[in-house]
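Any read-out appearing in this document is the output of simple, stated calculations on the displayed coordinates, not a laboratory observation. No experiment lies behind these values; they were computed from the predicted model shown. As a convention, Cβ positions derive from the backbone with ideal geometry for all residues, glycine included, and neighbour counts pool all protein chains shown.
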2 protein chains.
Amino acid sequence: MEFLSGVKPQTTLELKELQDESRMGSRVRVNGAVHSIRDMGEVAFVVLRKRQGILQCVLEEGCPVSVKEIREGQTVEAEGTLEKDERAPYGIEVRVQSIRILSEPSRAMPLPVGKWKLNTSLEAKLNYRNASLRNIRERVKFRIQEGITRGFRDFLYGQGFTEIHTPKIGAKGAEGGSNIFKLDYFHRPAVLAQSPQFYKQMMVGVFDRVFETGPVFRAEKHNTKRHLNEYTSLDFEMGYIESFEDIMAMETGFLQYMLRLLKEEYADELRILNVALPKADQIPMVRFDRAKELVAEKYKRTIRNPFDLEPEEEHLIGTYFKEEYGADFVFVTHYPSKKRPFYAMDDPRDPRFTLSFDLLFGGLEITTGGQRIHDPKMLREKIEARGMSEEGLEQYLAAFEYGMPPHGGLGIGLERLTMMLVGEDNVRETTLFPRDLSRLEP
Amino acid sequence: MEFLSGVKPQTTLELKELQDESRMGSRVRVNGAVHSIRDMGEVAFVVLRKRQGILQCVLEEGCPVSVKEIREGQTVEAEGTLEKDERAPYGIEVRVQSIRILSEPSRAMPLPVGKWKLNTSLEAKLNYRNASLRNIRERVKFRIQEGITRGFRDFLYGQGFTEIHTPKIGAKGAEGGSNIFKLDYFHRPAVLAQSPQFYKQMMVGVFDRVFETGPVFRAEKHNTKRHLNEYTSLDFEMGYIESFEDIMAMETGFLQYMLRLLKEEYADELRILNVALPKADQIPMVRFDRAKELVAEKYKRTIRNPFDLEPEEEHLIGTYFKEEYGADFVFVTHYPSKKRPFYAMDDPRDPRFTLSFDLLFGGLEITTGGQRIHDPKMLREKIEARGMSEEGLEQYLAAFEYGMPPHGGLGIGLERLTMMLVGEDNVRETTLFPRDLSRLEP
């Protein structure tokens, strides 16, 4: 009988290992995809794309392998001598003695993915996603996205949160609205979850602190640079809060942790995109109505509607706090009650406003959160006052009837946060396979 | 201007902190939900449910707080003296001096959640999910589930995998079949992803090694103990493999890592359920046809169909390897080609079989995986030979046309793995909010 006893040792080296001083001058084996070829006649450079970056391989005169056999898109395994070369990426190159072709492409790349910058329209990048993502600068955005998600989870594990998986298919959505995708579930009407809101609240009654990282679905007919119809939401919900500031404090802690993780573990990736990380050591907190006033005063605007925040105003709030306090992030608090869902906790001192907040990053909303109502009577009154029905809310209400601690939470749009962090201006740039009004493929 | 500078220090103590020897005899503040009450007249025990477990609070004679004010389901904050008591959970208790009620329930629990074991039907547990999950033994299964997912990700980060998020809504599924949920996407037909298969393969061309942990959707009309219509899939896909054994070796590495993580970080949880972890140091590997023979010989069965594995046979393979080798896991390899999808790599030595495998745990399939076809011509031939159309596969095929390394991967059903690990016999027991033929709520 044969047995497996764990991961097999790799016979090829990765970039981190190749940068080890002690290996210089030794014979190494590497693999990768042929990313670009520069044939100079007497010498040819074959750049391999590896998972951590690119590696220069040199075919010198007298090399038994002819560059004529090498084509972009092949995957290969090469053997040769590892040498230092200051002009090469990471200061290293492999002088090739042999190459084995592992696989062959059958079509030329539709985009010049081997170039450093893909100067291509977003439309082309999305249409040829299999090609564009092979560009080093395009793909590396998703490494940074990984760092954000990883930081979110690791930070919250450390804070006593439990990870949950809640269903994405459900019965008729109680939060309602027209922005819900409908489907047929064995001849019963069903909907796709527009957020894990109700489930994560219910789970506060179980684990006190929970989080989820998963897809959410919004059938909104927006076609803006900031909206997607499916995106990844980083959600948490925490019980036993003293005030809704606890939630913002927790998010501040996450941002600090995540930025440190990126700095330490994703330094190569940040360098490739030339990203300067924002600061989150001190995040200002301003009331919604006060923020509107500050912006109106400084930028000579009139306040048209005291209960609404226009995208232009949001942007100017970002500018204001950058100019006045050097702040990249701002918490805007106390949103008007009528702009928040029924479960939002009203401010007992002025129930026209809620104990809620948005977090703006560079003037763009990347988080919505706040304290929720935990008292079942108060929740019923709010539902009634809004002219809503309790139908479909029975299970949600049961959680409160059985007892729930004071609690609150938030949702972070992963693609938006990535977009702002890497300095893109369209959320599709930081989504592997975006879904929007016109795009259902690839 | 006010600023937030990070997580606020908690003024209450958690169970880990309360177990600290140096705190014995000191005054502590704790919070939690009233889990059960035992009024003995002169003394009353109020057990609080906290996120890590339960905490015994004692209301002695002369305590300013009357047990009459305390009700199951309240959430409270209590102050008192921390003392050792061998009879109490974790050997500690709080002798209460004051209690503040944070929230009130409005309905009695429909199930005796305060009991150690919830002797209730599965049906009742699922109908009253908000109640049943508050039982300590019910909820703790999902802590172990967290450990599995966490172990999967942490292990793969360490092996150079990149985490991806692929869309769950897509155009007409090319993998096809009747087991796909359909929906209307802005007046276009769309489907829910039954797996991230095509996307993760496409991403091998980008990052070499990728993984995803997310929901998948199967409109299968099975109503068995092992099937769900929505579940969480732990998927990975890896490039530059030498053979399909590399994939099984990687999974073995994951299992070893995950079991160690559970042992080290989830010891309390394992103890609550009395779980004895399985062994994964040496996992036997047996061919599909050989496994059938072994079982037929030992258990005196006739092989009815050499190209099919009945659930009963699967179970007996598990029994066989437990009896003969003390093995909890078995890799069954070389599944018949006609039982595998078109993208499975046929065995060049006998194309009636594939370079694929299932992993059985206690005789139940918890993983399906294998090597995939990476050559675009071979893939087209297979599609044609199966009488399938390339329609809808254009983007998938493009990845291969642009060049793809030899690769393979697998998908693990999280709820099934959890079920087997904690010794349940229905996958609904280890799903927070299961979706099946009859269940769309809560």
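Jot down the per residue volume, in cubic angstrom and as a whole number, of the convex hull over the alpha-carbon atoms of segment B:19-73.
97
In nm, what does the list of distances from A:ASN274 to its counterparts in the other copies look like, shortest first, when each label sits 7 Å along Cα to Cβ?
Result for A:ASN274, in nm, nearest copy first: 6.5.
Given the pairs A:LYS168/A:LYS279; B:LYS8/B:LYS50; A:LYS263/B:LYS16; A:LYS279/A:LYS338; B:LYS200/B:LYS339, which span a C-alpha to C-alpha distance of over 23 angstrom in this model?
A:LYS168/A:LYS279; A:LYS263/B:LYS16; A:LYS279/A:LYS338
How fast does segment A:101-184 diffuse by Stokes-Einstein, in µm²/s, taking the Kirkwood radius from C-alpha pairs at 20 °C and 1.002 mPa s? Could you put the intermediate results ahead of the total?
On the way: Rh = 17.4 Å.
Approximately 123 µm²/s, per Stokes-Einstein.
Quick one: Karplus J couplings for segment B:182-190, per residue in order, coefficients 6.51, -1.76, 1.60, θ = phi - 60°, nearest Hz, x for Gly and Pro?
Result, rounded to whole Hz: 9, 8, 9, 10, 6, 6, 10, x, 9.
Treat segment B:193-252 as a sphere of radius equal to its Kirkwood radius over Cα pairs and apply Stokes-Einstein at 20 °C in a medium of 1.002 mPa s; give the translational diffusion coefficient in µm²/s, rounded to a whole number.
Values: Rh = 13.0 Å.
Rounded to a whole number, D works out at 164 µm²/s.
Rg and Dmax in Å for segment A:165-214, alpha carbons only: what are they?
12.1, 36
For segment B:321-400, state which trypsin sites (Lys or Arg not before Pro) are in a DSSP loop and have at most 14 other beta carbons lying within 10 Å of their beta carbon.
The qualifying sites are B:ARG349, B:ARG386.
Counting only residues 5 or more places away or on other chains, whose amide H sits under 5 Å from the amide H of A:ALA219 once H atoms are built in the peptide plane?
Residues meeting the criterion, in which the H sits 1.01 Å from N, are A:ILE180, A:PHE181.
Quick one: which residues, 5+ away or cross-chain, put their amide H under 5 Å from the amide H of A:SER103? H built at 1.01 Å from N.
A:THR75
List the aspartates and glutamates whose Cα sits under 15 Å from the Cα of B:LYS141, skipping any in the same chain fewer than 8 residues away.
Within the straight-line cut-off, B:LYS141 pairs with A:GLU163, B:GLU265, B:ASP268, B:GLU269, B:GLU415, B:GLU424, B:ASP425, B:GLU429.
At 7 Å along Cα-to-Cβ for each site, give me the label-to-label distance between A:LYS16 and B:ARG107 in nm.
Going from the A:LYS16 label point to the B:ARG107 one covers 5.2 nm.
Given R₀ = 60 Å, what would the calculated FRET efficiency be for A:GLU42 paired with A:PHE186, taking r from the Cβ atoms and rounding to 0.05?
Numbers: r = 69 Å, r/R0 = 1.15.
That pair, A:GLU42 with A:PHE186, gives E of 0.30.
Only Lys, Arg, Asp and Glu count, each charged at its Cβ (+1, +1, -1, -1), so figure out the dipole size of segment A:303-442 about its Cα centre, rounded to 20 debye. Kindly include the intermediate steps, with their values, before the conclusion.
Working: 16 positive and 26 negative charges, 74 e Å.
It works out to roughly 360 debye.
Please give the length that would be gained between B:GLU381 and B:ALA124 if that part of the chain were fully extended, namely 0.36 nm times their separation in residues minus their C-alpha to C-alpha distance (nm, one decimal).
Details: separation 257, 0.36 × 257 = 92.52 nm, distance 5.15 nm.
Using 0.36 nm per residue and subtracting the Cα-Cα distance, I get 87.4 nm.
Could you check what % of the DSSP bridge pairs in segment A:136-430 are antiparallel, to the nearest 5? Working shown, then result.
On the way: 43 of 48 bridges.
For segment A:136-430, the DSSP antiparallel bridge percentage is about 90.
Write down the percent of antiparallel bridges among all DSSP beta bridges whose residues are both part of segment A:15-103, to the nearest 5.
Details: 30 of 33 bridges.
Beta bridges within segment A:15-103, antiparallel portion: roughly 90 percent.
Name the long-range amide H neighbours of B:GLY214: under 5 Å, sequence gap of 5 or more, or other chain; modelled H, no Pro or chain starts.
B:SER233, B:ASP235
Work out the charge dipole of segment A:136-430 with +1 on the Cβ of Lys and Arg and -1 on the Cβ of Asp and Glu about the Cα centre, then indicate which of A:PRO376, A:GLY423, A:VAL330 is farthest towards its positive end.
Comparing the listed Cα positions along the dipole, A:GLY423 ranks first.
May I ask for the Rg/Rh ratio of chain B, computed from Cα atoms with Rh as the Kirkwood radius, given to two decimals? Please report the intermediate quantities before stating the final value.
Values: Rg = 26.3 Å, Rh = 25.0 Å.
Rg/Rh for chain B comes to 1.05.
Give me the Debye-computed log₁₀ of I(q)/I(0) at q = 0.06, 0.07, 0.09 Å⁻¹ for the protein assembly as shown, equal point scatterers on Cα only, no solvent, two decimals.
-0.44, -0.60, -0.99
When the Debye formula is applied to the Cα atoms of segment B:301-442, each taken as the same point scatterer, what base-10 log of I(q)/I(0) results at q = 0.11, 0.18 Å⁻¹?
Each listed q corresponds, in turn, to -0.57, -1.10.
Set the Förster radius R0 to 60 Å, insert the Cβ-Cβ distance between B:GLU79 and B:SER178 as r into 1/(1 + (r/R0)^6), and round the FRET efficiency to 0.05.
Efficiency, from the Cβ-Cβ distance: 0.50.
Before rounding to the nearest 500, sum -39500 (n - 2.57) across all DSSP H runs of length at least 4 in chain B and divide by the residue total; then give [θ] at 222 nm in deg cm²/dmol.
On the way: 12 runs with 130 residues, N = 442.
Per the formula, -9000 deg cm²/dmol.
Using 0.36 nm times the number of residues separating B:ASP268 and B:MET388, minus their current alpha carbon distance, what extension gain do you get?
38.0 nm
Nearest 0.05, what FRET efficiency do B:ARG23 and B:TYR157 give at R0 = 45 Å with Cβ-Cβ as r?
On the way: r = 36 Å, r/R0 = 0.79.
Approximately 0.80, to the nearest 0.05.
List the lysines whose Cα lies under 18 Å from the Cα of B:LYS300, skipping any in the same chain that are fewer than 8 positions away.
B:LYS292, B:LYS322
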